[in-house]
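Visitor: Before anything else, here's the structure in question.
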Amino acid sequence: MPEPAELSDVELLLDGAFPALGGFLGAADTESVRTRRRLRDGTPWPAPITLPVPAELATAEKIELRDAEGAPVAVLHNEAPWSDGTTSHAAGSLRPAAAPGGALRRMRPPAAEVRAGLPAGPVLGLVVDAPLHHRELAQIRELAAELDAHVLLLPRMTGPRPEILVQAVLAARPQLPPGTTIVPVPLARRADPKRDAALAAQVATAYGATHLIAEQHLDDSPITVLEPPEMVRDSTDRWVRAAQVRPGGGRSGLSADELSARLDEGGPLPSWFTTPEIAEQQRRLHPPLTRRGFTVLFTGLSGAGKSTLARALRDELTQHDHRAVTLLDGDVVRRTLCEGLGFSAADRSRNVRRIGFVASEVTRHGGAAICAPIAPYAQDRDAVRRMVRDCGGFVLVYVATPLGECERRDRKGLYRKARAGSLPEFTGVSAPYEPPADADLVLDTSGLSQDEAVAEVVALLRERGWVGSWTWE
């Protein structure tokens, strides 16, 4: 199953939003794009569109690609498989495996159909990453009036709740030029901001834009790029071009940091900044910290005290916090969610990532997930962090109780068996543990009481705004 970003590329390829590409790129085109930002035939193209696959699938002639629910999405004709030395890739053309589906599909016709339905003349495009407030809406109106252009908005379907961003853009319709076209696009973000912006320009062109609003200059852009005009508030709180007010007479709006801080605290958004309808969607997209879900992941050796602290934290939050709390203890999860997994490195990774997936779903729906696996590998802890941070808060607590103390406690006799060789692949004895260098909190339970340790976790959650204050009992 492809990763979410790769599935987004599949959908864009099937929808004709990457018209220069016939499918996923082979080795030569990938190298050319990375080094020259061009395909081998010289066509400008900003970012490699590739598909990593397990080594055992690399030589298959056809590969069925499925979504997160296991439904077939496309069939890849693997015409030019390749490897970069560490990762295998499939390359070739795609055909749909079923009728198009997925989120907001009715609003997402193929690029050629959107393009054919646009009126003649200039089309002003914008790939939308966040709700549009009065300032951004005024910029769109100004540029559209200058060009006498139709407006095409392409909300980017990324993040845990992409439908909310689309709803926020739809809520802005009364403030947009009449007839504005709105088409959501599953365009995943690229790590390089410049390549990401250039790829957005390619997608906007495919959907019919002739001009694009963008903050930065783009090399080899297929369409004209326009910088948004500087807008300020006049004395009546209308947004106008800065040149229309006397020097120093205009007032600015909320910065991105100021907006984020207001939303984190649950503060109101002023009427000069946005409309009530857009503000409602903005708050759904970015609820106050005390209303968002979060995950606490305890990691450490067997016997370090993870489960004891996790249960005590659950009890504390259940007593004082409004969220539903889910405890994912390592031993319990292995008997249920991860039944059948062994203790090889691969199975340990699967165990932790399954826990991370469940924790991310709890977090996504506004709950608190408390996880207490050993989680010996940094790569797996990082994967859990990424899954959870897409939808809420994440705290990594390293229970750094020394190995000697863990062995002394050894109420299950596990260390004794491991030392005797009857329990292979035991973390800390015959299997490695990678101590986290990026823990948010380090606790040594050999020198802390249970109450003291839990109080430190709660203090950190409170400091970061995830929980409110209560009297410690």
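Values quoted throughout were computed directly from the atomic coordinates according to the rules given, and no laboratory measurement underlies them. All values reported here derive from a predicted model rather than from experimental measurement. Reconstructed Cβ throughout: ideal geometry from the backbone, glycine too, with neighbour counts over all protein chains shown.
Visitor: Hey, what did region 257-413 get for relative contact order, percent, Cα under 8 Å, at least 6 apart?
Guide: Rounded, it is 34 percent for region 257-413.
Visitor: Apply 1/(1 + (r/R0)^6) to the Cβ-Cβ distance of A145 and H77, taking R0 = 56 Å, and write down the FRET efficiency to the nearest 0.05.
Guide: Given R0 = 56 Å and the Cβ-Cβ separation, E is 0.75.
Visitor: Here is a further query. Quick check: pseudo-label points 7 Å beyond the Cα along Cα→Cβ at E64 and R411, how many nm apart are they?
Guide: Computed distance between label sites E64 and R411 equals 4.9 nm.
Visitor: Could you tell me which of rounded, prolate or oblate describes region 97-173, using a ≥ b ≥ c as the square roots of the eigenvalues of the alpha-carbon gyration tensor, with rounded for a/c under 1.5 and, failing that, prolate when a/b is larger than b/c and oblate otherwise?
Guide: The shape class here is oblate.
Visitor: With a point put 7 Å past each Cα toward its Cβ, work out how far R173 is from L104 in nm, to one decimal.
Guide: That separation, rounded to one decimal, is 1.4 nm.
Visitor: Moving on. Between rounded, prolate and oblate, where does region 225-291 land on the alpha carbon gyration tensor, with a ≥ b ≥ c its root eigenvalues, rounded for a/c under 1.5, else prolate if a/b exceeds b/c?
Guide: Note, shape of region 225-291 comes out prolate.
Visitor: Is region 4-102 best put as rounded, prolate or oblate by its Cα gyration tensor, with a ≥ b ≥ c the root eigenvalues, rounded for a/c under 1.5, and otherwise prolate when a/b is larger than b/c, oblate when not?
Guide: oblate
Visitor: Also, I was wondering about something else. Using a cut-off of 14 Å between beta-carbons, work out the net charge of the residues near R246 (Lys and Arg +1, Asp and Glu -1, R246 not included).
Guide: +2
Visitor: How large is Rg over Rh for region 289-463, taking Rg from the Cα atoms and Rh as the Kirkwood inverse mean of 1/r across Cα pairs?
Guide: 0.95
Visitor: Let me ask another. Could you work out how far the C-alpha centroid of region 136-200 sits from that of region 373-447, in angstrom?
Guide: Between the Cα centres of region 136-200 and region 373-447 lies a distance of 45 Å.
Visitor: OK, next. Using +1 at the C-beta of Lys and Arg and -1 at the C-beta of Asp and Glu, which of H217, H320, V114 has the Cα lying farthest in the positive direction of the dipole of the chain?
Guide: It is H320, whose Cα lies furthest towards the positive end.
Visitor: Is any residue of region 62-88 close enough, with backbone N under 19 Å, to a label point placed 7 angstrom from the Cα of T43 along the Cα-Cβ axis, and if so, which?
Guide: 76-81
Visitor: Find the centroid of the Cα atoms in region 251-316 and in region 5-33, then give the distance between the two in whole Å.
Guide: 35
Visitor: May I pose another question? Mind jotting down a quarter of the surface of the convex hull over the alpha carbons of region 106-285, in square nanometres, one decimal?
Guide: 11.0
Visitor: How high is the relative contact order of region 25-157? Use alpha-carbon pairs under 8 Å, at least six apart in sequence, and give a whole percent.
Guide: 17
Visitor: Follow-up question, since we're still on this one. Under the definition of Cα pairs under 8 Å and six or more residues apart, what whole-number percent is the relative contact order of region 185-286?
Guide: Dividing the mean separation by the residue count of region 185-286 yields 14 percent.
Visitor: Now a separate question. Using label points projected 7 Å from each Cα along Cα→Cβ, tell me how many nm separate D257 and E215, to one decimal.
Guide: Roughly 1.4 nm, to one decimal.
Visitor: If you take the Cα atoms of the chain, find Rg, then find the Kirkwood Rh from the mean of 1/r over all pairs, what is Rg/Rh?
Guide: We get a ratio of 1.03 for the chain.
Visitor: Near P122, within a Cβ-to-Cβ distance under 12 Å, what is the net charge of the other residues, with Lys and Arg +1 and Asp and Glu -1?
Guide: -2
Visitor: Given the Cα-Cα distance of A112 and D129 and 0.36 nm per residue of separation, how much length would full extension add, in nm?
Guide: 3.8 nm
Visitor: Which FRET efficiency value, to the nearest 0.05, do you get for R350 and S235 by plugging their Cβ-Cβ distance into 1/(1 + (r/R0)^6) with R0 = 56 Å?
Guide: 0.35
Visitor: Here's something else I'd like to know. How much FRET efficiency would the formula 1/(1 + (r/R0)^6) give for A420 and E56, where r is the Cβ-Cβ distance and R0 is 45 Å, rounded to 0.05?
Guide: FRET efficiency, A420 to E56: 0.75.
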